[in-house]
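Engineer: Below is the structure I would like to discuss, written out as structure tokens.
The values are calculated or read from the model by the stated rules, or taken from the named source; none is laboratory data. Note that this is a predicted model, so its numbers are computed, not measured. Neighbour counts are summed over all protein chains in view; Cβ atoms, including those assigned to glycine, are modelled from backbone coordinates with ideal geometry.
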Amino acid sequence: MEFGPVPVRDATGAVLAHSLMLEGRRLRKGRVLAETDIAALAAAGIAEVTVARLGPGDVGEDSAAGRIAAALAPAPAEAGLRLTEPFTGRVNLHAERPGVLGLDRAAVDRLNALDPAVTLATLPPLARVTPGTMVGTVKIITYAVPGDVVARAERLADAALTVHPVTLRSATLILTATPGQPDKLAEKGRRAVASRLDALGIALLASPLVAHRTAELSAALAAAEGDLVLVLTGSATSDPNDVGPAALVAAGGRLTRFGMPVDPGNLLFLGELGGRPIIGLPGCARSPALNGADWVMERIACGLDVTDADIAAMGVGGLLTESPARPHPRDKRPG
């Protein structure tokens, strides 16, 4: 590709590199200059313009972006994605269903290392998405790139993006109450958890409130219905033998993890009972703000295994409280 200033008379068919105001109208950068544009520029006394001119084998920015985006999601509907039409060298990829973003990190890294003119920016791996969420954007920096670069980028893209759909459809939330606990505390937790489930398209079947004792909670766990069981205790779970985990074991379940290196969210516990996942939520789940339990619940809701190693790896990036990138949401106020 050739780039630089040329006499206006020689610019027919070239791509305008910088926008120009011309007799009250704007010639936008990226425009392929027609003979009428050249005549208008000359009439306005403009003798020189900066242009890009594609060489043999070059691929224009829109075509290049479209091809690479299509390679990232060759079957968009199956991947739960929608691709926008190319514009100014950009194609955006949007989620078409709730779930979490699956991506091949190595493929994305190789694609971005191929050529500085070819870029792909995405959300973090396993980020929660809803229909319409932008999960990635392909941007071609220059007005054209060599065709062999585009072909290599297509091979590297290799269906690297998908949205893992929610596979669990129903849940029970069991709340416990300690003596003298205000009624509003349980209700606050129920509302916050119900909102999280609703965002994932999971129906909340029941939210029983039981005494904060092992026997009562164990009975509630055994009776719970749904694909997923959540436990939000009135008192923080501070040990693997505390009421929540102990009730899970007493009901015939298995505790697989207590604690996580994410703040807020440290006091989560995870297990299974009768083949169903059981998540013991930390007290911070009463707030709508992001916490570590969200990461675990979202992945489990999408049918993904969450291993001990997975949770241990959440520590990097797990300091949520002080992150300016994650401001705590506030309730809407009248007016």
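Engineer: So which residues in the stretch 208-244 are among the polar types (S, T, N, Q) and in contact with a Gly (Cβ under 6 Å, 6 or more places away or on another chain)?
Structural biologist: Result: T233, T237.
Engineer: Restricting the search to the stretch 258-272, which residues are assigned to a strand (DSSP E or B) and surrounded by fewer than 19 Cβ atoms within 10 Å (Cβ to Cβ)? Give the steps one after another, and end with the answer.
Structural biologist: In the first step, residues of the stretch 258-272 are kept if they are assigned to a strand (DSSP E or B); the result is 258, 263, 269-272.
Within the stretch 258-272, D263, E272 qualify.
Engineer: When you scan the stretch 143-184, how many residues do you find that are within 21 Å of the chain's Cα centre (by Cα) and over 30 Å from A117 (Cβ atoms)?
Structural biologist: Number of matching residues: 6.
Engineer: State whether the residues of the stretch 21-42 include one that is among the small types (G, A, S), surrounded by fewer than 17 Cβ atoms within 10 Å (Cβ to Cβ) and outside any loop (DSSP other than H, G, I, E, B).
Structural biologist: Within the stretch 21-42 (the criterion being among the small types (G, A, S), surrounded by fewer than 17 Cβ atoms within 10 Å (Cβ to Cβ) and outside any loop (DSSP other than H, G, I, E, B)), the answer is yes, since at least one residue qualifies.
Engineer: Which numbered condition in (1) of a type outside the set (D, E); (2) in a loop (DSSP other than H, G, I, E, B); (3) more than 15 Å from V150 (Cβ to Cβ) is the only one that R82 fails?
Structural biologist: (2)
Engineer: Additional query: Report every pair of residues separated by at least 6 positions or lying on different chains whose Cβ atoms are under 7 Å apart, first residue within the stretch 157-176 and over 21 Å from W295 (Cβ atoms) and at pLDDT below 95, second crowded, with 22+ Cβ neighbours inside 10 Å and among the acidic types (D, E).
Structural biologist: If the second residue must be crowded, with 22+ Cβ neighbours inside 10 Å and among the acidic types (D, E), no pairs are left.
Engineer: Which of the residues that make up the stretch 269-311 are touching a His at 6+ places or on another chain (Cβ under 9 Å) and either in contact (Cβ under 8 Å) with a residue 60 or more places away in the chain or within 25 Å of A222 (Cα to Cα) (or both)? Outline the logic, then answer.
Structural biologist: Of all residues in the stretch 269-311, those touching a His at 6+ places or on another chain (Cβ under 9 Å) come to 287-290, 299, 302-304.
Within the stretch 269-311, S287, P288, R299, C302, G303, L304 meet the criteria.
Engineer: Anything in the stretch 160-187 that is under 19 Å from G303 (Cβ atoms) and of a type in the set (G, A, S)? List them, or say none.
Structural biologist: S170, A171
Engineer: Say we look at the stretch 6-20 and pick out the residues that are in contact (Cβ under 8 Å) with a residue 40 or more places away in the chain and in a loop (DSSP other than H, G, I, E, B); which of these is nearest to the chain's Cα centre (by Cα)?
Structural biologist: A17
Engineer: Scanning the stretch 131-142 for residues that are under 16 Å from the mean Cα position of the chain (by Cα) and hydrophobic (A, V, I, L, M, F, W, C), which turns out farthest from L200 (Cα to Cα)?
Structural biologist: Of everything passing the filter in the stretch 131-142, V138 is farthest from L200 (Cα to Cα).
Engineer: One residue is enough: does the stretch 50-71 have a residue meeting the conditions in a helix (DSSP H, G or I) and either more than 30 Å from the chain's Cα centre (by Cα) or exposed (fewer than 15 other Cβ atoms within 10 Å of the Cβ) (or both)?
Structural biologist: no
Engineer: Just one of the numbered conditions (1) touching a strand residue (DSSP E or B) at 6+ places or on another chain (Cβ under 8 Å); (2) at pLDDT 95 or above is not true of A52; which one?
Structural biologist: The failed condition is (2).
Engineer: Condition first: in a helix (DSSP H, G or I) and within 13 Å of T137 (Cβ to Cβ). Now tell me which residues in the stretch 94-110 satisfy that. Before the answer, list the steps.
Structural biologist: Filtering the stretch 94-110 down to residues in a helix (DSSP H, G or I) leaves 105-110.
Across the stretch 94-110, the qualifying residue is only V108.
Engineer: Let me ask another. Do we have any residue at all in the stretch 235-250 that's assigned to a strand (DSSP E or B), surrounded by fewer than 21 Cβ atoms within 10 Å (Cβ to Cβ) and charged (D, E, K, R)?
Structural biologist: No: zero hits.
Engineer: Can you tell me how many residues within the stretch 195-223 are within 21 Å of A236 (Cβ to Cβ) and without any contact (Cβ under 8 Å) to a residue 60 or more places away in the chain?
Structural biologist: Count: 14.
Engineer: Considering each residue of the stretch 161-192, count those that are among the small types (G, A, S) and more than 21 Å from T130 (Cβ to Cβ), and give that number.
Structural biologist: Going residue by residue through the stretch 161-192, those that are among the small types (G, A, S) are 170-171, 177, 180, 186, 189, 192.
Among the residues that remain, those that are also more than 21 Å from T130 (Cβ to Cβ) are: 177, 180, 186, 189.
Selection size over the stretch 161-192: 4.
Engineer: Sort through G45, G66, G80 and tell me the only one that's out of contact with any helix residue (DSSP H, G or I) (no Cβ under 8 Å at 6 or more places or on another chain) and outside the structural domain of P131 (by TED's automatic domain parsing).
Structural biologist: After applying the criteria, what remains is G45.
Engineer: Test each condition in (1) over 20 Å from A117 (Cβ atoms); (2) in contact (Cβ under 8 Å) with a residue 12 or more places away in the chain; (3) surrounded by fewer than 17 Cβ atoms within 10 Å (Cβ to Cβ) for F3 and report the one that comes out false.
Structural biologist: It fails just one condition, (1).
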